[in-house]
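The numbers here are math on the coordinates, done by the rules we state, and not lab data. Remember, predicted model here, so these are calculated numbers, not experimental data. Every residue, glycine among them, receives a Cβ derived from its backbone with ideal geometry; neighbour counts consider all protein chains shown.
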Amino acid sequence: MARRLKLGVLISGRGSNLQALIDAAAAGDWPAEIALVVSNKADAAGLARAEAAGIPTCVLSHRGHPDRASFDATMTAALVAAGVDLVCLAGFMRLLSPEFVEAWHDRLINIHPSLLPSFRGLHAHEQALEAGVRFTGCTVHFVRAEMDDGPIIVQAAVPVLQDDTAETLAARVLQAEHRCYPQAVRWIAEGRVRISGSRALVADAPANEDFLVSPG
Ligand code: GRF
């Protein structure tokens with residue numbers, strides 16, 4: 001197989017999306033590998049997932065860094081040293097400096113648990129329930145300076161059920177996240193994603209012309 005795209009995955013916690021990427025990489029025909037996992041929390045459960053898979057990890061604390069830009073510069077140095085081509089944010093709970101976003105322009109992606117541009121920021125599921133939408137979902141997108149903004153690579157729509165709580169909805173959306181993140185990475189690694197202005201276009205993406213109705 002051709003050279004696999006090298007990923008740097010940034011986490012702060014549970015790491016279930018990291019696990020979905022680890023599982024995809026283990027499957028064999030996935031054109032990417034995880035070169036480094038960076039956490040800003042020493043107790044992030046995701047670190048154990050990386051270690052179990054034999055992936056190098058790096059814990060960076062904001063202590064010892066005078067400001068956000070210097071923390072991010074340390075992070076960039078670690079990612080570059082590991083030969084990272086693409087940075088994947090996977091529940092990384094720190095704002096990124098403009099310098100970091102610029103340094104990794106078009107090589108930095110994020111997963112967010114809503115259909116962006118709806119429900120940016122924290123508590124996306126509570127926001128969706130409060131708004132009374134019939135569908136929410138998840139989005140994988142390139143990162144831009146604004147939070148939860150940037151060209152969309154893939155989205156999954158997930159129905160909101162009448163008796164959903166934020167927890168039950170989050171669990172259903174998370175299953176969709178675990179499918180979408182490896183898919184988006186695959187398309188990028190295969191060279192099929194082209195950015196055109198505010199849009200990301202995926203070559204030869206299977207079209208889904210179905211519509212969903214909720215309540216069904
Ligand atoms: C996910 O819901 C992701 O969309 C959001 O943060 C959560 C991280 O979960 N950005 P996990 O750490 O991947 O399990």
DSSP-loop GluC sites (Glu not before Pro) across the range 89-146, with at most 13 other Cβ within 10 angstrom: Glu146
For the chain, built as a Gaussian network whose Cα springs stay under 10 Å, the top-fluctuating residue of His141, His62, His112: His62
Inter-probe distance in nm under a simple model that places probes 7 Å from Cα toward Cβ, at Phe211 and Arg3: 4.7
DSSP-assigned coil residues among trypsin sites (Lys or Arg not before Pro) in the range 1-92, each with at most 15 further Cβ atoms within 10 Å: Arg3, Arg4, Arg14, Arg63
Mean shadow area of the range 129-216 over all directions, Cα convex hull, nm²: 6.9
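Add -39500 (n - 2.57) for each DSSP H run of 4 or more in the chain, then divide by its residues: what number comes out at 222 nm, to the nearest 500 deg cm²/dmol? Could you put the intermediate results ahead of the total?
Working: 6 runs with 71 residues, N = 216.
Computed mean residue ellipticity for the chain: -10000 deg cm²/dmol.
Eigenvalues of the Cα gyration tensor times 5, then square-rooted: what semi-axes does that give for the chain, in whole angstrom, largest first?
Numbers: eigenvalues 149, 83, 60 Å².
Equivalent ellipsoid of the chain: 27, 20, 17 Å, largest first.
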Sites Glu130 and Arg14, calculated FRET efficiency, Cβ-Cβ separation with R0 30 Å, nearest 0.05: 0.80
Using distinct alpha-carbon pairs, which all enter the 1/r mean, Kirkwood radius of the range 1-104 in Å: 13.8
Rg over Rh, two decimals, the range 44-143 (C-alpha only, Kirkwood Rh): 1.02
Contact order relative to length of the range 1-104, as percent, for alpha carbon pairs under 8 angstrom and 6 or more apart: 37
Candidates per trypsin sites (Lys or Arg not before Pro) in the range 94-154, loop by DSSP, up to 13 other Cβ within 10 Å: none
